[in-house]
Amino acid sequence: LGTTSMLLVAYVVFANAVLLSSFSTLENHLVKREAQVVTEVLEAYTRTLEIKISDWAAWDEAYEYVQSKNKKFEISNFEPTVLENLNISAMIFFDQRGKIINKLGFDIANKKSAEISKSLLSVLEMRDDLKTFTSAKQSSKGIIRTAEGLMVYVSKPVVDTKMLREPKGTVFFG
């Protein structure tokens, strides 16, 4: 009985060590895979935002707007349906000095107009790298933390359609 008990205990300890090691390896693999999937989704969403904002950033009408604050541009383009169609919750235009010209917020989940959060505006106030550019080739993208949570964003300088003139402002999508 003594030898059998010892063998049984040794077997249980060995099996337990092998199983725990296998489960730990499997769990680590699954966590790494999930992290990779999240990273890929965020990168794809950021690329989509970059494509969408590029049309707005290199557009003669937007270029004129950041200089003249044209009301006709605002009436046509600062509508909640624009943000709904773009699937973004914030669109902000800045002048050359980084001051807000106009902003529009949208609650994607409830499909309605919304104020841009004070915490996002506070983050933008402190981050010149998100709102002032000296070259048409510059941009900023990534994830910023606000009181409401994380936000994927892209910002680009506003230039003429042919990208020949210097930036006169910035457009931010988040």
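The values are calculated or read from the model by the stated rules, or taken from the named source; none is laboratory data. Note that the structure is a prediction, hence the values are computed from the model and not measured. Backbone-built Cβ (ideal geometry, glycine too); neighbour counts: all protein chains shown. Please note that ligands, DNA and RNA were not included when accessible areas were found on the heavy atoms of the full protein model with its side chains. Shrake-Rupley method; radii C 1.70, N 1.55, O 1.52, S 1.80 Å.
Structure data summary
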| item | result |
| --- | --- |
| Residue list for the range 65-87, restricted to those being at pLDDT 95 or above and in contact with a helix residue (DSSP H, G or I) (Cβ under 7 Å, 6 or more places away or on another chain) | Tyr65, Phe73, Leu86 |
| Tally of residues being in contact with a Gly (Cβ under 8 Å, 6 or more places away or on another chain) and either of a type in the set (Ser, Thr, Tyr) or open to solvent by 90 Å² or more (accessible area, probe 1.4 Å) (or both) across the range 141-157 | 1 |
| Residue in the range 152-162 that is in a strand (DSSP E or B), small (Gly, Ala, Ser) and under 19 Å from the mean Cα position of the chain (by Cα) present | yes |
| Output for the range 84-140, where each listed residue is surrounded by 16 or more Cβ atoms within 10 Å (Cβ to Cβ), basic (Lys, Arg) and over 17 Å from Pro167 (Cβ atoms) | Lys103 |
| Tabulated pairs, the range 62-82, first without any contact (Cβ under 8 Å) to a residue 24 or more places away in the chain and open to solvent by 30 Å² or more (accessible area, probe 1.4 Å), second part of a helix (DSSP H, G or I) and not hydroxyl-bearing (Ser, Thr, Tyr), C-beta under 7 angstrom, 6+ apart or interchain | Asn70/Glu64 |
| Selection status of Ile116, in contact (Cβ under 8 Å) with a residue 12 or more places away in the chain, more than 21 Å from Glu61 (Cα to Cα) and aliphatic (A, V, I, L, M) | yes |
| Selection status of Ser22, open to solvent by less than 90 Å² (accessible area, probe 1.4 Å) and over 30 Å from Gly174 (Cα atoms) | yes |
| Subset tally (residues that are on the phi > 0 side of the Ramachandran plot and in contact (Cβ under 8 Å) with a residue 60 or more places away in the chain) for the range 143-168 | 1 |
| Where Thr161 falls short, out of the listed (1) touching a Lys or Arg at 6+ places or on another chain (Cβ under 7 Å); (2) β-branched (Val, Ile, Thr); (3) open to solvent by 20 Å² or more (accessible area, probe 1.4 Å) | (1) |
